[in-house]
Amino acid sequence: MNEFVMIFRNNSTGNDQPPSPEEMQARMKLWQDWMGNIAAQNKLVSSGNRLASEGRVIKSNNVITNGPYVEMKEAIGGYIMVRANSIDEAAELSKGCPILKMGGNVEIRTVIPMN
Amino acid sequence: MQPQELIPHLFKTEYRKIISVLCKLFGIEHIEIAEDIVSDTFLLASETWGQKGLPNNPTAWLYAVSKNKTIDFLKHNKIFNEKITIELKNSSVVSGEIEIDLSEKNINDSQLQMMFAICNPVISVQDQICLSLNILCGFGAEEIADAFLTNKDAIYKRMSRAKDKLRVAKIPIELPGQSEINNRLETVLTTLYLLFSEGYYSSSQNTTLRKDLCLEAMRLNLLLVENAHTNTPESNALLSLMCFHSSRYDARTNENGQLILYEEQDEKLWNRELIQRGEYYLNESAQGKNVSKFHLEATIGWWHTHKEDTHEKWENILQLYNRLLQIEYSPVTALNRTYALAKANSVNEAIVEAEKLQLTNNHFYFALLGELYRSIDKKISKSHFLTALSLAKSVGDKQTIQRKLSQFES
């Protein structure tokens, strides 16, 4: 089994209407159920972290700018780590990820093993 | 109590107390001396009482005789005299007389310290359970063998190997320091959890014995909760979990010892007092920042004390299982979680997820699939129950699956 990182990118422009408390609750359930599905297959390595949209970018000339450094809609919103036999199997796990329903996307990268 | 039950009863309640106090006195490396002294004491009791009748206070008699035997041993054993007795004299008493303190407080303290000595990662978890049953609970090798479905010799060997390991590692009989206690307590709690599960889920047909295992796990857990150093949120959460589970103990088997599934239980037989105790310890556990697996399982246990099938109940249970799986995976948790998924979301969604689990050597897996397909496709459902039946090993599990299968005929 190899480990993979699933990186979530939202498709937010930063100007969206904030979701209602009911919508937030419903989204939370979608995430927990989806991660529970992966964990039930013993394929969840880490429930990872959510990342705030605020950030700083430090460039080689030591200039610090407000980030994120890419388009807002490509900003990384969070990540989890999973284990799978292949990257295709990992991609299969990402189906049903709630971010896809919100117009975002999932990027899967193989973790290079240390030994 | 009948007179013929007195010695077994005293053995069960007093053996472990005297052993712990003497072990504490001698150190774990001399555990066999402690065992010999206590065994001799009981042998002498059976002979003396048989001939001369019962003393007024049999427990006090046992304490006095074991004290005398210990002092006698210390006097006559040269090596012991040179190595141990001097240390004991220096540390404990002024008069030069060895003090053997069989007060309730010292018994409880010694048992608690023994618990930490035995539940030590230098021996395997199975060994920890085995020794706990023997030394902390006063179970004989035969009873332990019965609970583990093995033979007496295997248990003797296992216990003697485990004691050797503790001796070589020179495990001290003491409470760990306050900074280390949470770390070490986790091992102790895990062992108690498994001890309880052994009683609750064991395939042994001896129901009295199984209930005893559960009660013993609860008694040891109570010792932890009653001591200020070990009265942690996790200790309370585990005790709460045990209370909720055991509240259904009498409702879950019929007069023939056959298992009655949760949905079919008569909730009037659930023990209200234990449910209330469970709620008390669950409240006590709600402190600090850490949500342990015991907290999550205890809360699931609390929801199951409400028989009524509400969406709120199953949605909460599903979310608790989601979190539990993120802390620690186990096939049983995965299966229970999938059942909750069917109840909270939909059967179709649960089937899709269940088929991804692929626990194909687990009879509960096929029983779950059979259950989920019941309302969707009778033929597939039945074939899953048949697979479950072919994989099930214990008589109880087979009977339960047979009953499920017989529902297809009616």
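The values are calculated or read from the model by the stated rules, or taken from the named source; none is laboratory data. It should be emphasised that the depicted structure is a prediction, and the values quoted were computed from it without experimental measurement. Note that each Cβ is placed from the backbone with ideal geometry, even for glycine, and that neighbours are counted across all protein chains shown.
Identify all residues within the range A:66-105 that are modelled with pLDDT of 95 or more, among the aliphatic types (A, V, I, L, M) and in a strand (DSSP E or B); write none if there are none.
A:Ile80, A:Met81, A:Val82, A:Ala84
Can you name the residue in the range B:314-358 that is out of contact with any Leu (no Cβ under 8 Å at 6 or more places or on another chain) and not in a helix (DSSP H, G or I) and, of all such residues, is farthest from B:Tyr201 (Cα to Cα)?
So the residue we want is B:Ser346.
Count, please, the residues in the range B:165-204 that happen to be over 18 Å from B:Gln111 (Cβ atoms) and either more than 14 Å from the chain's Cα centre (by Cα) or of a type in the set (D, E, K, R) (or both).
15
Can you find a residue that is free of Cβ contacts under 8 Å to residues at least 12 places away in the same chain and either more than 14 Å from chain A (Cβ to nearest Cβ) or buried (at least 21 other Cβ atoms within 10 Å of the Cβ) (or both) anywhere in the range B:359-378?
Yes, there is a match, as at least one residue in the range B:359-378 is free of Cβ contacts under 8 Å to residues at least 12 places away in the same chain and either more than 14 Å from chain A (Cβ to nearest Cβ) or buried (at least 21 other Cβ atoms within 10 Å of the Cβ) (or both).
Which of (1) closer than 29 Å to A:Lys43 by Cβ; (2) not in a loop (DSSP other than H, G, I, E, B) is the odd one out, the single condition B:Ser235 does not satisfy?
Only one criterion is unmet by B:Ser235, namely (1).
Given the criterion closer than 18 Å to B:Gln326 by Cβ and not small (Gly, Ala, Ser), identify the matching residue among A:Val106, A:Val57, A:Val45, A:Val63.
A:Val45
Could you identify the single residue in A:Arg9, A:Arg109, A:Arg56 that is closer than 30 Å to B:Gln358 by Cβ and either of a type in the set (D, E, K, R) or away from chain B (no Cβ under 14 Å) (or both)?
Every option except A:Arg109 fails the conditions.
Among the residues of the range B:270-286, is there at least one that is within 21 Å of B:Tyr339 (Cβ to Cβ) and of a type outside the set (Asp, Glu)?
yes
For the range B:283-301, indicate whether the set of residues that are assigned to a helix (DSSP H, G or I), more than 10 Å from chain A (Cβ to nearest Cβ) and free of Cβ contacts under 8 Å to residues at least 12 places away in the same chain is non-empty.
yes
If you check every pair at least six apart or on different chains, which have Cβ atoms under 7 Å apart with a residue in the range A:7-27 that is modelled with pLDDT of 80 or more first and a residue that is of a type in the set (S, T, N, Q) second?
Here the result reads A:Arg9/A:Asn105, each pair linking the range A:7-27 to a residue that is of a type in the set (S, T, N, Q).
Contact list please: Cβ distance under 7 Å, first residue in the range A:31-46 and more than 7 Å from chain B (Cβ to nearest Cβ), second residue among the β-branched types (Val, Ile, Thr), pairs at least six apart or on different chains.
Here the result reads A:Ile38/A:Val82; A:Lys43/A:Val82; A:Val45/A:Val82; A:Ser46/A:Ile80, each pair linking the range A:31-46 to a residue that is among the β-branched types (Val, Ile, Thr).
Checking the conditions here, which among A:Ser53, A:Ser60 is over 29 Å from B:Ala334 (Cα atoms), in a loop (DSSP other than H, G, I, E, B) and at pLDDT 85 or above?
The conditions single out A:Ser60.
Specify which of the listed residues (B:Ile351, B:Ile317) is away from every other protein chain (no Cβ under 11 Å) and within 13 Å of A:Gly36 (Cα to Cα).
B:Ile317
Only one residue in B:Leu195, B:Leu185 is farther than 24 Å from B:Phe11 by Cα and not acidic (Asp, Glu). Which one?
Criteria check complete, one pass: B:Leu185.
So B:Ala344 clears everything in (1) surrounded by fewer than 20 Cβ atoms within 10 Å (Cβ to Cβ); (2) within 11 Å of chain A (Cβ to nearest Cβ); (3) aliphatic (A, V, I, L, M) except one condition, right? Which one?
Going through the list (1) surrounded by fewer than 20 Cβ atoms within 10 Å (Cβ to Cβ); (2) within 11 Å of chain A (Cβ to nearest Cβ); (3) aliphatic (A, V, I, L, M), B:Ala344 breaks only (1).
Test B:Gly199 against the stated conditions and say whether it is surrounded by 18 or more Cβ atoms within 10 Å (Cβ to Cβ), at pLDDT below 90 and under 21 Å from B:Gly27 (Cα atoms).
no
Quick grid of which residues meet (1) within 25 Å of B:Leu324 (Cβ to Cβ); (2) surrounded by fewer than 19 Cβ atoms within 10 Å (Cβ to Cβ); (3) of a type in the set (Phe, Trp, Tyr):
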site: B:Leu209; (1), (2), (3): no, yes, no
site: B:Leu215; (1), (2), (3): no, yes, no
site: B:Leu222; (1), (2), (3): yes, yes, no
site: B:Asn231; (1), (2), (3): yes, yes, no
site: B:Ser240; (1), (2), (3): yes, no, no
site: B:Leu259; (1), (2), (3): yes, yes, no
site: B:Glu267; (1), (2), (3): yes, yes, no
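For residues that are at the interface with chain A (Cβ under 9 Å from one of its Cβ atoms) and touching a helix residue (DSSP H, G or I) at 6+ places or on another chain (Cβ under 7 Å), scanning just the range B:328-339, find the one that is surrounded by the fewest Cβ atoms within 10 Å (Cβ to Cβ).
Ranking the candidates gives B:Tyr329 first.
Hey, does the range B:38-45 have a residue that's among the polar types (S, T, N, Q), out of contact with any strand residue (DSSP E or B) (no Cβ under 7 Å at 6 or more places or on another chain), at negative phi and modelled with pLDDT of 90 or more?
Yes: one or more hits.
Looking at (1) at pLDDT below 95; (2) outside any helix (DSSP H, G or I), which is the only condition A:Val45 fails?
(1)
Can you name the residue in the range B:269-310 that is surrounded by 16 or more Cβ atoms within 10 Å (Cβ to Cβ) and touching a Pro at 6+ places or on another chain (Cβ under 8 Å) and, of all such residues, is farthest from B:Asn336 (Cα to Cα)?
For the range B:269-310, the residue satisfying everything is B:Glu284.
So which residues in the range B:228-249 are of a type outside the set (A, V, I, L, M, F, W, C) and under 18 Å from B:Ser197 (Cβ atoms), if there are any at all?
B:Glu234, B:Ser235, B:Ser240, B:His245, B:Ser246, B:Ser247, B:Arg248, B:Tyr249
Does B:His304 fit the bill of being within 14 Å of chain A (Cβ to nearest Cβ) and touching a residue at least 12 places away in the same chain (Cβ under 8 Å)?
It is false that B:His304 is within 14 Å of chain A (Cβ to nearest Cβ) and touching a residue at least 12 places away in the same chain (Cβ under 8 Å).
So which residues in the range B:155-175 are in a loop (DSSP other than H, G, I, E, B) and surrounded by fewer than 17 Cβ atoms within 10 Å (Cβ to Cβ)?
B:Ala169, B:Lys170, B:Pro172, B:Glu174
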